[in-house]
Amino acid sequence: MDILNNIFRNESENPDGGEPQKEEKPSSNLIEKIQQLGQTNVPQLSSDSRIHCLTIVGQIEGHLALPPQNKTTKYEHLIPQLVAIEQNPKIEGVLIILNTVGGDVEAGLAISEMLATISKPTVSVVLGGGHSIGVPIAVSCDYSFIVETATMTIHPIRLTGLVIGVPATFEYLDKMQERVVNFVTKHSKISEDTFKDLMFAKGNLTRDIGTNVIGADAVKNGLIDEVGGIGAAMKKLNELIDLQKEEKEGLIQ
């Protein structure tokens, strides 16, 4: 009887006559993701959130692909995201988190221009570092924050690799540098003279020209609006969103 009961039990559990199916553990997918990516999924904001968080970390990758071991932010990924943010009516504000060493000048300026021209309120927070071309991105938002320990490196435009040593090359570099200077001075409280003094200062950076500005010094020079972290940035962004709503309602009335 025990043998017959076992046969009937097996047939009921596996009517096709094949091998019994193994029950997949719910944690197997999670373990697989950790093994492949070194991390789990990033927690998503709730559906009723009106703020979208955009992170710019590592090196900003331009027209040339960087080695796979480099942590990069690809501008071809960010630009479609910003277009989608502009079109999405549920997103009312954008929070930019910056921890970047800089990177491609034109890619950085492209991201900066998109942030500066987006119709929704934007707030940036510099965490760790907002170096080089990260400076225009930080100041492109409606309001900018920097934490006390974060640094921003301001230095002249440089090229790596083979460069043709003719006057035209240096003229091109100078024009590119002017684009950066004009953008930063237009979107922050720093004057052109002060910014250039920081850019061409000698002795501040080891074997280089430029200045490493830390936390409160960035605010003192007029580069960043305020010293603060995530809490202050979220509060300010919500204020800007509410202010824009009031202005729209006033125009409709």
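The values are calculated or read from the model by the stated rules, or taken from the named source; none is laboratory data. In this text, all values refer to a predicted model and were calculated from it rather than measured experimentally. Ideal geometry is used to build each Cβ from the backbone, glycine not excepted, and the neighbour counts take in all protein chains shown. For the accessible areas, the whole protein counts, side chains as well, though only heavy atoms, and no ligand, DNA or RNA atoms are used. Shrake-Rupley method; radii C 1.70, N 1.55, O 1.52, S 1.80 Å.
Can you spot a residue in the stretch 42-64 that is open to solvent by 60 Å² or more (accessible area, probe 1.4 Å), at pLDDT 85 or above, within 16 Å of the chain's Cα centre (by Cα) and among the acidic types (Asp, Glu)?
The answer is no, given that none of the residues of the stretch 42-64 is open to solvent by 60 Å² or more (accessible area, probe 1.4 Å), at pLDDT 85 or above, within 16 Å of the chain's Cα centre (by Cα) and among the acidic types (Asp, Glu).
So which residues in the stretch 115-142 are buried (at least 20 other Cβ atoms within 10 Å of the Cβ), farther than 16 Å from residue 225 by Cα and hydrophobic (A, V, I, L, M, F, W, C), if there are any at all?
115, 133
Name the residue, out of 192, 171, that is modelled with pLDDT under 95, open to solvent by 30 Å² or more (accessible area, probe 1.4 Å) and under 26 Å from residue 118 (Cα atoms).
Of the residues listed, the single one that is modelled with pLDDT under 95, open to solvent by 30 Å² or more (accessible area, probe 1.4 Å) and under 26 Å from residue 118 (Cα atoms) is 192.
Quick one: what pairs do we get from the stretch 167-182, first residue charged (D, E, K, R), second modelled with pLDDT of 85 or more and surrounded by 12 or more Cβ atoms within 10 Å (Cβ to Cβ), C-beta under 7 Å, 6+ apart or different chains?
Every condition considered, the pairs that remain are 179/109.
Residues being in contact with a Gly (Cβ under 7 Å, 6 or more places away or on another chain) and either in a helix (DSSP H, G or I) or open to solvent by 50 Å² or more (accessible area, probe 1.4 Å) (or both): count how many of those fall in the stretch 65-94.
3
Select, from 124, 119, the only residue that is under 24 Å from residue 89 (Cα atoms), at pLDDT 90 or above and part of a strand (DSSP E or B).
Answer to the check: 124.
Please enumerate the residues belonging to the stretch 100-112 that are open to solvent by 10 Å² or more (accessible area, probe 1.4 Å) and either modelled with pLDDT of 95 or more or hydrophobic (A, V, I, L, M, F, W, C) (or both).
101, 105, 109, 110
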